[in-house]
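These notes concern the structure reproduced below.
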Amino acid sequence: MAEVSTNPGTRARAVSIHLGLVGLSFVLSLAVLSGIGLVPGEVIECAAIGTLIIHGAAAIVALYPRRATRVSCLIIFCVPFLPAGCEMVFRARRAYEWRYVLPADRFRDNLASPVPASVSNLRFVPLDESKRPDLMLRFDIAPADLDEILARQGFRRVSLDELLRHDDLFRDPSYLPIDGDDELFQARVAWGTVAVIKDQPAAHPRDLS
């Protein structure tokens, strides 16, 4: 007859480690859930309930392993954290697209395709820097390439009083002040959209709204 002896101290240590990992996963999952944007309240409630259920089940499972191994710790932490981890991957992908992919797409749609090689630091003006959720791009570009875009798209130089949109953000001196050397160019581009380019000195980026 075979007998197996278990060290109570080893099992207690395994339980404490595994429960600690479940608790860490729960805290991190709540932190991720708190960053979810504007979604229906039912979605948040379902996510919260699901998080409680899956971590409760993980806590029960954490009571059974006799030893804490790398594999057991990885499973105990990763399985309940999987939904929040997927949300983090989705956010990272979305942030990458908003920083590097979508600005170039909007540039090609509204100004020039392909994007001139001299264009750099191309990015959206973030909402926390804007007063309205209008499409605004900021970029650096060689003067020759900018002149070519202005001519091809039919931009013409205008004053503040000639802007077609009376609520254009370039009219707001507290937000987008027009310095002495700045020039405004206006045109109707794709789908009849009114685009305005503020051409700033070489040391500063260009803004498109």
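Calculate the FRET efficiency for TYR96 and ALA117 from the Cβ-Cβ distance with a Förster distance of 22 Å, rounded to the nearest 0.05. Intermediate results must be reported in sequence, preceding the final value.
Details: r = 22 Å, r/R0 = 0.99.
For R0 = 22 Å, the calculated efficiency reads 0.50.
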| So who's got an amide H within less than 5 Å of the one on VAL158, skipping anything under 5 residues away but keeping other chains? H placed 1.01 Å off N, in plane. | LEU184, PHE185, GLN186
| Which residue fluctuates the most in the chain, going by a Gaussian network model with Cα springs under 10 Å, if the choices are ARG99, ARG123, ARG171? | ARG171
| task | Please list the non-local residues whose amide H lies under 5 Å from the amide H of VAL125, H modeled 1.01 Å from N, same-chain partners needing a gap of 5 or more. | result | MET136, LEU137, ARG138
| request: Rounded to whole Hz and in sequence order, give me ³J(HN,Hα) for the stretch 129-143 from the Karplus expression 6.51 cos²θ - 1.76 cosθ + 1.60, θ = phi - 60°, writing x for Gly and Pro. | output: 10, 10, 8, 9, x, 7, 6, 9, 10, 10, 7, 9, 7, 5, x
| remark: Scalar couplings 3J(HN,Hα) for the stretch 146-152 by Karplus 6.51 cos²θ - 1.76 cosθ + 1.60 (θ = phi - 60°), nearest whole Hz, x for Gly and Pro, are 5, 4, 5, 5, 4, 6, 5
| task | Quick one: among CYS78, CYS46, CYS86, which has the greatest mean-square fluctuation in a GNM of the chain with alpha-carbon springs under 10 angstrom? | result | CYS46
| With the dipole of the chain worked out from charges on the C-beta (+1 for Lys and Arg, -1 for Asp and Glu) around the Cα centre, which of PRO173, ALA117, ILE36 lies farthest toward the positive end? | ILE36
| Burial ordering of TRP191, TRP98, fewest other beta-carbon atoms within 10 Å first | TRP191, TRP98
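For the chain, what relative contact order do you get, as a whole percent, if you take Cα pairs closer than 8 Å and at least 6 residues apart?
Values: 221 pairs, mean separation 32.2, N = 209.
RCO, the chain: 15 percent.
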| request: As a check on your grasp of the helix formula, calculate [θ] at 222 nm for the chain: sum -39500 (n - 2.57) over DSSP H runs of n ≥ 4, divide by the residue count, round to the nearest 500. | output: -15500 deg cm²/dmol
| query | So what J values fall out for the stretch 176-182 if you push phi through Karplus, 6.51 cos²θ - 1.76 cosθ + 1.60 with θ = phi - 60°, rounded to Hz, Gly and Pro as x? | reply | 10, x, 9, 7, x, 8, 6
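Coordinate-derived values only; no laboratory data. It should be emphasised that the depicted structure is a prediction, and the values quoted were computed from it without experimental measurement. Backbone-built Cβ (ideal geometry, glycine too); neighbour counts: all protein chains shown.
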